[in-house]
Amino acid sequence: MSFRPGSRVYVAGHRGLVGSAIWRALSEAGFQHLIGRTHGELDLLDQQAVQTFYEVERPDYVIIAAAKVGGILANSTQPAEFLYDNLQIQNNLIHGAYRSGVKKLLFLGSSCIYPKLAPQPLKEESLLTGPLEPTNEWYAVAKIAGIKMCQAYRRQYGCDFISAMPTNMYGPNDNYDLQGSHVLPALIRKFHEAKVSGAPTVTCWGTGSPMREFLYADDLGRACVFLMQHYSEEQFINVGFGSELSIRELVEKVQRIIGFTGTAVWDTSKPDGTPRKLMDSSRLFQLGWRPQVDLDRGIRLAYEDFQKRLPRIAG
Ligand code: GFB
């Protein structure tokens, strides 16, 4: 049976930024048998619990969007959790999928798997050609192990397990906790709160010079559905937007969209992270997939979502 609306699809991490976007994309494509478990319902660190879940639910297809994630500060201050949790979660999900005969599995990694100084734009072939960016090497090592798990299970057991590497993501259901979040949700929250309180300045981290590429979560959701339908290679595949901007330019954009009239100041005691991280997504683009949401529209949509969820975020 091929990947089609009648299939039973388990989305691991279905409440998060990426997982909820995959869930929306599958629903829009007509999939009716979607399976999700909250953290309270299924602890993905517990191998036996994951195995039992597979035996009871018997999904045909699995998409892994569950991971311990965070921005530059969380990554650099919680190395043990980023390494252990991610290895456990993905090992339990990938090995469990093999044992229960899942037909196809998509594992999601991250653009930080690439060496810090790899040639830009980042091509899939650059994996393991140099040292990683130190602020997120723990997360990156776990994600590289996930790619290798999929490749190894394909080689040894013939499993149709594939991997995709998304660039920096943002959108609905993002994490707005300022210590743990990525840059875009942090800026949305900081500029909104400063606008409301009338604060004269907003403090941004680093120098503003790093370059980043951003993809709206629903674009990644659609890309995942596309890959489940059209891609079955051992080679993992990049999923990016195709253009980049500096963090300083991003700050100006978010400030303008939110309407904060004060000044952005820079706390250079905070890390810049990797200097540049632009994906070469031509492999995926050649297959016929394209993103639909540009950065301006995506930030407006994300800001709407933030305002809707504000009572819960602030409380
Ligand atoms: O998004 P971010 O936390 O992570 O930071 P990375 C991107 C850039 O934005 C860095 C700057 O240069 C930050 O210094 N920045 C400016 C801020 N103001 C802020 C702020 O208020 N909050 C945050 N968080 N950043 C992540 C990795 O790297 O990329 C993860 O840590 C993952 O492992 C993810 O791979 C995709 O882009 O540097």
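The values are calculated or read from the model by the stated rules, or taken from the named source; none is laboratory data. Small disclaimer: the values here were computed from a predicted structure and weren't measured. Heads up, the Cβs are rebuilt from the backbone with ideal geometry, glycines too, and the neighbour counts pull from every protein chain shown. Side chains are part of the model used for accessible areas, which takes the heavy atoms of the whole protein and leaves out ligands, DNA and RNA. Shrake-Rupley method; radii C 1.70, N 1.55, O 1.52, S 1.80 Å.
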Any chance Phe161 is aromatic (Phe, Trp, Tyr) and over 24 Å from Phe241 (Cβ atoms): yes
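Would it be correct to say that Ala49 is under 24 Å from Gly158 (Cα atoms) and either small (Gly, Ala, Ser) or not in a loop (DSSP other than H, G, I, E, B) (or both)? Let's see the steps before the verdict.
Numbers: under 24 Å from Gly158 (Cα atoms): no; either small (Gly, Ala, Ser) or not in a loop (DSSP other than H, G, I, E, B) (or both): yes.
The answer is no for Ala49.
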Test: Gly180 is without any contact (Cβ under 8 Å) to a residue 60 or more places away in the chain and either away from the ligand (no atom under 15 Å from the Cβ) or not in a helix (DSSP H, G or I) (or both): no
Condition broken by Thr135, with the remaining ones in (1) open to solvent by 10 Å² or more (accessible area, probe 1.4 Å); (2) under 24 Å from Arg248 (Cα atoms); (3) under 18 Å from the mean Cα position of the chain (by Cα); (4) more than 10 Å from the ligand (Cβ to nearest atom) satisfied: (4)
Check on Ala140, out of contact with any Lys or Arg (no Cβ under 9 Å at 6 or more places or on another chain), among the small types (Gly, Ala, Ser), within 13 Å of the ligand (Cβ to nearest atom) and part of a helix (DSSP H, G or I): yes
Search result, residues across region 258-282 that are surrounded by fewer than 18 Cβ atoms within 10 Å (Cβ to Cβ) and more than 12 Å from the ligand (Cβ to nearest atom): Gly259, Thr261, Gly262, Thr263, Ser282
Among residues of region 48-73, those that are surrounded by 24 or more Cβ atoms within 10 Å (Cβ to Cβ) and within 16 Å of the ligand (Cβ to nearest atom), counted: 4
Checking Tyr231 against (1) closer than 30 Å to Tyr153 by Cα; (2) surrounded by fewer than 18 Cβ atoms within 10 Å (Cβ to Cβ), the condition it does not meet: (2)
